[in-house]
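**Student:** Sending over a structure as C-alpha cells; questions will come in a sec.
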Amino acid sequence: MWWLKDVWVIDPSQKVSGPQDVLVKGGQILEISSGMTEEEVLGKAQGESLETINGKGKFVFPGLIDVHTHLREPGQEDKEDILSGSRAAVRGGFTTILAMANTHPPIDSRALVEFVLRQGERAGYAHVLPIGTVTKGMQGSELVEMADMKAGGAAAFSDDGKNIQNPEVMRLALEYAKLTGFPIISHCEDKDLAGEGLMRRGVTSGRMGLRGIPASAESVIVARDLILAEETGGKLHLAHISTAESVELIRRAKARGVDVTAEVNPHHLIFCDEEIGITDTVLKVNPPLGSRGDREALIEGLADGTIDMIATDHAPHTQAEKTRPFAEAPFGIASLETALSAVWQYLVLPGRLSFDRVVEAWSVTPAQRFGLNGGTLKPGVSADMVLFDPDFKEEINSTTLVSKARNTPFLGKTWQGFPVMVWVEGRLVQRDRTVI
Ligand code: DOR
Ligand code: ZN
C-alpha cells in the first residue's frame, strides 16, 4: 500500500486541485482525503506493507495518455520498439500510449493489431493501445475492416504520416467511424500543396532557400474534414494542429456542433520556424513549425479549449538519418521523455498554461474522447498515476534517455521539474527517473 502524504492532487475529472492524501491499495486508488492519521492508514492497510511518501511540494495526477506515439515496431526497430518506447513513456509520465499505425508493414489487419497489443503487454510498462490504419497499406483507397480490428483491440484509426487525399475515402471512413464509435484521426496535409516542402513557407524558408510548405496545406484539409464530419456525423480527431487558421476553423466548427477534437504537439507550442537553422534537422518536423503568430494561436486555443488535447507525436529516428542534410533528413522529434517537463518549463512556469489544464488536456480528455481507462483518480480505479516534483533537477543527455532515439532539441538542457514516480495499475514502474 502507498500513502502519498500532503501532496497536491490535480484531478480535473473530479474537479480536485489541492493538498490531499492519496492511498493506493491492491493496485487501485483507495481514497483521496485530507488529514489522515497514521493509525487510520495502518488500519486500512490491513497487514499490507505500507510505503509512505512525503508529497509536500509535489503534484500527483492521473497518468498521462498520449494519443500520438510512433513506436516503429514492426519493421523499424532500429529507431524504436515497443519495449523501448513504452519504457520511455513511463519515464516521461505516460501510463497509456496510442501506437501510430505507420509501421512497416502498417497496422491494417486484426492480426497486426493483436501483435502490437501483445508486445505492449509483454513489455509491461505503459498500456500500449494500437491504432489501426484507415486504409489498406495506407494507400488511401480501400478501407480496412474497422469492426474486426476494433474487436482485436484497435483504439482508433489513422493513416497518420500521410493525408487521406481522396475526400470520398475520408467521407466513407467517417461513416464507418460512426459504427465503431471511434474517432478517425486525421493527418491534415494536402499532398499537392505541401509538395516536396521541407519547412513552413515564409520569410525564414525564403532566407534559407528551402522549399516551403504553405500553411494552407494543413488548413484546406482541416476545412474539408470538418465539412465531412458535419455531413456524416462521424467522430473526427485532428492530429498535430499547427496553424492559426486551423484553430479558427475548429473554433467555428465546434460552435456549429461538429463532433471534432484536436491535439497540439509540445514542439508547436514551444518553437517557431525562425528558430530553425540549416543544420537543425532536429527541428524538421511534420507539420512544420509555424510562425510566432501560429504559436500564439495554438497556446490560446489550448487554453480556451478549442484545442482539446496535447499529444507528443513522438517520432523516433536514428542519428544516422537525422544527421543527413536538411533536405534528406526525416521529419520528426522524439519526445516521450521530455514532453511533460518541456511543457512545464516553457508554458506552465511562465504562466501561459495552468498545470490543471495540462493534466486535463493530456489525460482526462484523451481518456474520455477515446473511451479509455485512466484519466482519473476516482476511488476504485486502477492506479495509473504520476508524482511530479517541481524541484527535481536533471540534465537531458543521451546517457539517461531510455528511448533508442536521440532526436530531441533538448539535449544538454538542465531543467527543474520532472515526473519522479510513475505507477501503472498500482505497480511502481519509474522512480527518481529510473525505469524499474
Ligand atoms: O514529424 C512527423 N513524423 N510527422 C508525422 O506525421 C509522421 C512522423 C513519423 O512517422 O516520423
Ligand atoms: Zn502526422
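Read-outs: derived from the displayed coordinates by stated rules, not from any lab. Because the structure is predicted, anything quoted here is derived from the model rather than measured. Reconstructed Cβ throughout: ideal geometry from the backbone, glycine too, with neighbour counts over all protein chains shown.
**Student:** So what is log10(I(q)/I(0)) for the chain at q = 0.09, 0.12, 0.13 1/Å, when the Debye sum runs over its Cα atoms only?
**Tutor:** -0.53, -0.96, -1.12
**Student:** Hey, what angle do you get for helix 167-180 against the long axis of the chain, alpha-carbon based, 0 to 90 degrees rounded to 10?
**Tutor:** For helix 167-180, the angle is close to 30 degrees.
**Student:** Here is a follow-up. Give me the number: length gained by fully extending GLU77 to GLU39, i.e. 0.36 nm times residue separation minus the C-alpha to C-alpha distance, one decimal in nm. Spell out each step's value before the answer.
**Tutor:** Working: separation 38, 0.36 × 38 = 13.68 nm, distance 5.07 nm.
Full-extension gain reported as 8.6 nm.
**Student:** Could you work out the relative contact order of the chain? I mean the mean sequence separation of Cα pairs under 8 Å and 6+ apart, divided by the number of residues, in percent.
**Tutor:** Numbers: 1065 pairs, mean separation 82.4, N = 436.
After rounding, I find 19 percent.
**Student:** Pull up all non-local amide H partners of ALA262: gap of 5 or more, or a different chain, and H-to-H distance under 5 Å with H placed in the peptide plane.
**Tutor:** LEU238, ASP308, MET309
**Student:** Suppose the chain between GLU296 and LYS15 were pulled fully straight at 0.36 nm per residue; how much longer would it get relative to their current alpha carbon spacing?
**Tutor:** Values: separation 281, 0.36 × 281 = 101.16 nm, distance 2.72 nm.
That works out to 98.4 nm of additional length.
**Student:** If you don't mind, another one. Once both labels are modelled 7 Å past Cα along the beta-carbon direction, what's the LEU349-GLU274 spacing in nm?
**Tutor:** Going by the 7 Å Cα→Cβ label model, 2.1 nm.
**Student:** What is the angle, in °, between the Cα long axis of helix 216-232 and the longest principal axis of the Cα atoms in the chain? Nearest 10 is fine, range 0 to 90.
**Tutor:** It works out to around 70 degrees.
**Student:** Still on this structure: Note the full-extension length gain between LYS378 and ARG122 as 0.36 nm times their separation in residues minus their Cα-Cα distance, in nm to one decimal.
**Tutor:** 89.4 nm
**Student:** List the equivalent ellipsoid semi-axes of the stretch 185-320 in whole Å, largest first, each obtained as the square root of 5λ for an eigenvalue λ of the Cα gyration tensor.
**Tutor:** On the way: eigenvalues 133, 46, 38 Å².
In descending order the semi-axes read 26, 15, 14 Å.
**Student:** Using a Debye calculation, one point per C-alpha and no hydration shell, please list log10 I(q)/I(0) for the stretch 1-151 at q = 0.09, 0.19 Å⁻¹ in order.
**Tutor:** With one equal scatterer per Cα and no solvent, log10 I(q)/I(0) is -0.43, -1.03.
**Student:** Oh, and also: Can you tell me the orientation of helix 110-123 relative to the chain, as the angle in degrees between its alpha-carbon axis and the longest Cα principal axis, to the nearest 10?
**Tutor:** Roughly 40 degrees, rounded to the nearest 10.
**Student:** List the residues, sorted by chain then number, that are 5 or more residues from GLY140 or on another chain and whose placed amide H is less than 5 Å from its amide H.
**Tutor:** Residues meeting the criterion, in which the H sits 1.01 Å from N, are THR135.
**Student:** Quick one: work out the % antiparallel among DSSP beta bridges in the chain, nearest 5.
**Tutor:** Values: 33 of 63 bridges.
Percent antiparallel among DSSP bridges in the chain is about 50.
**Student:** Could I ask something else about it? Can you tell me the Rg and Dmax of the stretch 132-182, counting just the alpha carbons, in angstroms?
**Tutor:** Calculated on Cα positions, Rg and Dmax stand at 9.9, 27 Å.
**Student:** Let me ask something else about it. So, R0 is 41 Å and r is the distance between the beta-carbons of GLU145 and ARG431; what FRET efficiency does that work out to, to 0.05? Show your work: numbers first, answer last.
**Tutor:** Numbers: r = 42 Å, r/R0 = 1.03.
The pair GLU145/ARG431 has a calculated efficiency of 0.45.
**Student:** Using 1/(1 + (r/R0)^6) with R0 = 45 angstrom and r between the beta carbons of ARG211 and GLN46, what's the FRET efficiency to the nearest 0.05?
**Tutor:** Details: r = 66 Å, r/R0 = 1.47.
Taking R0 as 45 Å, the efficiency between ARG211 and GLN46 is 0.10.
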